[in-house]
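The values are calculated or read from the model by the stated rules, or taken from the named source; none is laboratory data. This is a predicted model, so every value here is computed, not measured. Cβ coordinates were reconstructed from backbone atoms using ideal geometry, including for glycine residues, and neighbour counts include every protein chain displayed.
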Amino acid sequence: MKKLIFITISLFLTFIFIWSGCSSPTSSPATSTTQPTTSVIQTTTKPPATQTQGTTSATPSKYGGILKIIVRSQVSIIGLPWEGSGGAPHRMVEPVYEFLLRYDQNYNYFPRLADSWEISPDGKSITFHLHPGIKFSDGMPFNAAAVKANLELYAPNNVRTPSLKKIVSYDLIDDLTIRLNLSAYDSTLLIDLGDGPGMMASPAAIAKQTTPENMAKDHLVGTGPFVLSSFEKNQNIKYVKNPNYWQSGKPYLDRIEFYMVTDPVTSIMSFKKGEAQVIFGITPTEAKDLKSGYNIVTTDIKPIVVLLPDGKNPDSPWYNKKVREALEYAIDKPSLATSIGEGYYEAVSQFATSNSVFFNPAATIRNYDPSKARQLLAEAGFPNGFKTKIYALTTYDKDILVAIQTYLKEIGIDAELELGDSARVTDWQNNGWKNGIFVPTYPIIPNIRSLSFRLAGGYNVSTSLYSTPEWQAKVDATVSQPDEQKQLSQFKELIKILNDEAACISLFTKPDISALDKSVQDLKWTQGGHPRFYEPQDAWLKK
Amino acid sequence: MTSYIIRRIFQGIFVLILVTVFVFLIMRLLPGDPLQLFVGQGDTAAASKEELAALRQKYGLDKSLPMQYLDWISGVVRGNLGKSIFYQEDITDIITRRLPVTIHLGILSLIFGTFFGITFGIICAIRRGTWIDNIFTILANIGITVPSFWVGILLIYFLSLKLNLLPTYGYTSPFTNFSLSTKQLVMPVFCLSLFSIASLTRQTRSCMLEVVRQDYIRTAWSKGLRERVIIFRHAIKNALIPVVTQIGMQIGTIFGGSVLIETVFNIEGMGKLMAQAVFGHDYQIVQSGVLIIASTVVIANILIDISYGWFDPRIRYS
């Protein structure tokens, strides 16, 4: 009898294993051994229509409710805008801090705390006219002095905003008018003032001495629609409505709460259970799974995944332009974007999306053509290919890396994955990498600020990234161009240079993806010119 | 006995010193600069050389390795574990916040693991060959092989998402909200104790089977003693020596296994802290964390060794 039971159980388990092994696999990214079909980058492709976030409707039941947001990162330090972990503010402090101005994905600027501004013809000063009647949540007035107090302290406490260092002095014209005098015009300054440096903290909070334990309570004081209720490091941040918010009648929500859940499976299950109405930073596969029951939102601004060969190293095969061109011809970008992005990523032919104001139709397009890639390698003196490395973070999406590895293998380039932790990646970024392709951990936002920061200048990858002799001068000239139209054409020229020289191979857009419960209205989550933007004062929950 | 304990304590101190030196050197041999990592987070540029030099001096990283080690160890003796590069706060404060969480989880899982593991093992041994023995043995084998984090995800899926019986994740102090704390701990404690229950079941069963075959047990049966008296008065103490050794070894496993469980259930404990510190090259936290974990394991093993004397008087007299 016991033998019979044992045999029955064994047969059943064997059947289960065989059945699960023979069942049809779920869709997998471009790592299969079959040849993907050739496809050309369509200049008019659009990502799939994301569901809209809900329209404003004047219903009497807008007020009330707690909005809970799950984020997959952790924050252990919050306080003044420059007191975030590593010195960068986080989206989780935006219910408290507001920006001087805002911008959309085409860099059209809109007023917020500043009603308007004028740039002098020579670009050496910008005068801001501040919105009257605004107070910080501690009762301090928001005025020109407060703006000066914030900007004066942001730059020395944060190395990431060289634009602020161009401010040489401040003129307080009156209580609501401040002029920033610049050593030279910097077009990234307006971008910065619509981002972290533009976050305004109360001067009283700035002046307050505090300890790490009390930093959040003492320093997180802004003009925003919410005030801090509690902060548990790496766990949650809770905000409660600011009863004295300057926009009358707002906010609608009683509370906003952020929950930091790093494990992707746990965070998704918590979201599905209804423990939060928004989850930020989901993968395309998760988005596809959630599409039917939730609103899926991608950022308006689409950062681009790029490959950076070490074209500056004369000992590296990538020093040769033909080899770099071969890299771009070797990769089927539309197939890669489709298979990995589940429709949320869009292949690009340059460092701008096809519908962007920065798109330069004159830039070289290199569509997938492995035979052309092999021909270029042969012309460059590598008829049999060569060995190289792909440098990336250990937690980087392996599907992308393995797909690139596979494409390179097809043209004879044997690319070994060299994965490192954050410290090693930072080391490669800052001190260069040898004979290989560096894949930046975060995709790059296609604007002049990111380009000047991450693809030029004395920082980051410029140690190994190929650049023309006049590259830095052209970047500096673009940054310091006060005329918007001229700047636009100069930036397009920079994109063309990057493309023509194959210094930076742009693959596809990789926007952050979020899922929102259908009750969430008007949050405008990640909409605008930066993935961090949203509108907590306008958000409400449909009952 | 006293001299034995003193000897073991000195041995333990020596082990701790070796462990700290080893970890200290290993961390510094890893490629990557923690300061560049700290400054270079996110979409950022690197700090200038002067700024990095100032940071290096602030954290004592400009000194030679022996000096860095001596500075740290002298701070430890004075109760100062240093300052975290990443969290920008005293490590003592960080550990004070996190260690009780892991200890709470660990103690509960140790208690459950020990209790159920030994109980199931005894049941299997005295009901050897029956359906109870077969089922428990199969479950024990499964418990040893399945990854605990996978079990955690399954539990979240069924108990939390589908049946809505328990919260998905989190930790609340029992002093803040005992009911919520208990609900939140059910799944992580089960996952953390799973391997313990399984391995102790097998070990106890094996040891009990050996003991119940002994002549003195047969004599006890012959005398007409009840089964409960035979098991608990005569058999169990002799069977538990290898089991107690295993329990001592599992204290270290609990700290190590807690990394995955704390990640899955989003619990801010020592395991998660250590994992983050290793990836972030936060030297001070890694050194301090290893010191605490090693101390716990050493003390636990000393206590286990002392307990042998209680289980087996022959050891006491030798």
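Things worth noting here:
- Listed by position, the helices (runs of 4 or more DSSP H) inside segment B:260-318 whose residues that are modelled with pLDDT of 85 or more and out of contact with any Pro (no Cβ under 7 Å at 6 or more places or on another chain) number at least 3 are B:270-279, B:283-311.
- Looking only at segment A:268-301, residues that are buried (at least 20 other Cβ atoms within 10 Å of the Cβ), under 17 Å from the mean Cα position of the chain (by Cα) and within 14 Å of chain B (Cβ to nearest Cβ) come to 3 in all.
- Top-ranked residue in segment A:405-431 [being in contact (Cβ under 8 Å) with a residue 60 or more places away in the chain, in a helix (DSSP H, G or I) and in contact with a helix residue (DSSP H, G or I) (Cβ under 8 Å, 6 or more places away or on another chain); ranked as farthest from residue B:30 (Cα to Cα)]: A:410
- The residues of segment A:405-418 that are in contact with a Leu (Cβ under 7 Å, 6 or more places away or on another chain) and either facing chain B (nearest Cβ under 10 Å) or not polar (S, T, N, Q) (or both), listed by number, are A:411, A:412, A:415, A:417.
- For segment A:237-267, filtering for residues that are crowded, with 21+ Cβ neighbours inside 10 Å and out of contact with any Lys or Arg (no Cβ under 9 Å at 6 or more places or on another chain) leaves 3.
To keep it simple, each residue is scored yes or no on (1) within 22 Å of residue A:300 (Cα to Cα); (2) surrounded by fewer than 21 Cβ atoms within 10 Å (Cβ to Cβ).
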position	(1), (2)
A:463	no, yes
A:479	no, no
A:484	yes, yes
A:495	yes, no
A:504	no, no
A:508	yes, no
A:515	yes, no
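- Segment B:218-228, residues that are exposed (fewer than 12 other Cβ atoms within 10 Å of the Cβ) and either aliphatic (A, V, I, L, M) or not in a helix (DSSP H, G or I) (or both): B:223, B:224, B:226
- Members of segment B:110-137 that are in a helix (DSSP H, G or I) and more than 23 Å from residue B:247 (Cβ to Cβ): B:131, B:132, B:134, B:135
- Residue that is nearest to residue A:261 (Cα to Cα), among those in segment B:256-269 that are more than 13 Å from chain A (Cβ to nearest Cβ) and crowded, with 23+ Cβ neighbours inside 10 Å: B:258
- Count of segment A:433-453 residues which are of a type outside the set (Val, Ile, Thr), within 11 Å of another protein chain (Cβ to nearest Cβ) and under 15 Å from residue A:192 (Cβ atoms): 4
- Test: residue A:371 is surrounded by 17 or more Cβ atoms within 10 Å (Cβ to Cβ) and out of contact with any Ser or Thr (no Cβ under 7 Å at 6 or more places or on another chain): no
- Residue within segment A:467-477 that is at positive phi and aliphatic (A, V, I, L, M) present: no
- Within the option set B:199, B:193, being surrounded by 22 or more Cβ atoms within 10 Å (Cβ to Cβ), touching a Ser or Thr at 6+ places or on another chain (Cβ under 6 Å), at pLDDT below 95 and part of a helix (DSSP H, G or I) holds for one residue only, B:193.
- Each residue in segment A:271-286 was checked for being assigned to a helix (DSSP H, G or I) and touching a residue at least 40 places away in the same chain (Cβ under 8 Å), and 4 pass.
- Subset of segment A:385-404 [among the basic types (Lys, Arg) and part of a strand (DSSP E or B)]: A:387, A:389
- Count of segment B:268-294 residues which are over 15 Å from the mean Cα position of the chain (by Cα) and among the β-branched types (Val, Ile, Thr): 3
- Residue match in segment A:187-201 (condition: in contact (Cβ under 8 Å) with a residue 24 or more places away in the chain, closer than 28 Å to residue A:483 by Cβ and of a type in the set (Ser, Thr, Tyr)): yes
- Within segment A:384-400, the set of residues being surrounded by fewer than 17 Cβ atoms within 10 Å (Cβ to Cβ), closer than 13 Å to residue A:414 by Cα and of a type outside the set (S, T, N, Q) comprises A:387 only.
- Some residue of segment A:508-515 being more than 14 Å from chain B (Cβ to nearest Cβ), within 30 Å of residue A:415 (Cα to Cα) and of a type in the set (Ser, Thr, Tyr): yes
- Check on residue A:367, more than 26 Å from residue A:529 (Cα to Cα) and either part of a strand (DSSP E or B) or within 14 Å of another protein chain (Cβ to nearest Cβ) (or both): no
- Residue B:128 being of a type in the set (Lys, Arg), within 14 Å of chain A (Cβ to nearest Cβ) and surrounded by 18 or more Cβ atoms within 10 Å (Cβ to Cβ): no
- Leading residue by the ranking (nearest to the other protein chains (Cβ to nearest Cβ)) among those in segment B:152-185 that are in contact with a Gly (Cβ under 9 Å, 6 or more places away or on another chain) and crowded, with 18+ Cβ neighbours inside 10 Å: B:171
- Within the set A:515, A:456, the sole residue that is in contact with a helix residue (DSSP H, G or I) (Cβ under 9 Å, 6 or more places away or on another chain), more than 23 Å from residue A:388 (Cβ to Cβ), of a type outside the set (Val, Ile, Thr) and modelled with pLDDT of 95 or more turns out to be A:515.
- Among the residues of segment A:238-253, those that are touching a residue at least 24 places away in the same chain (Cβ under 8 Å) and either within 14 Å of chain B (Cβ to nearest Cβ) or within 15 Å of residue A:137 (Cβ to Cβ) (or both) comprise A:239, A:242, A:244, A:245, A:246, A:247, A:250, A:251.
For (1) aliphatic (A, V, I, L, M); (2) surrounded by fewer than 21 Cβ atoms within 10 Å (Cβ to Cβ), each residue gets a yes or a no:
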| residue | (1), (2) |
| --- | --- |
| A:367 | no, yes |
| A:409 | no, yes |
| A:413 | yes, no |
| A:416 | no, yes |
| A:422 | no, no |
| A:426 | no, no |
| A:435 | no, yes |
| A:455 | yes, no |
| A:469 | no, yes |
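- Pick from segment B:85-125, criterion within 13 Å of residue B:205 (Cβ to Cβ), more than 25 Å from the chain's Cα centre (by Cα) and in contact (Cβ under 8 Å) with a residue 40 or more places away in the chain, ranking: farthest from the other protein chains (Cβ to nearest Cβ): B:125
- Within the set A:256, A:268, the sole residue that is touching a residue at least 12 places away in the same chain (Cβ under 8 Å) and farther than 23 Å from residue A:397 by Cα turns out to be A:256.
- Scoring residue A:230 on the criteria (1) buried (at least 18 other Cβ atoms within 10 Å of the Cβ); (2) within 14 Å of another protein chain (Cβ to nearest Cβ) leaves a single failure, condition (1).
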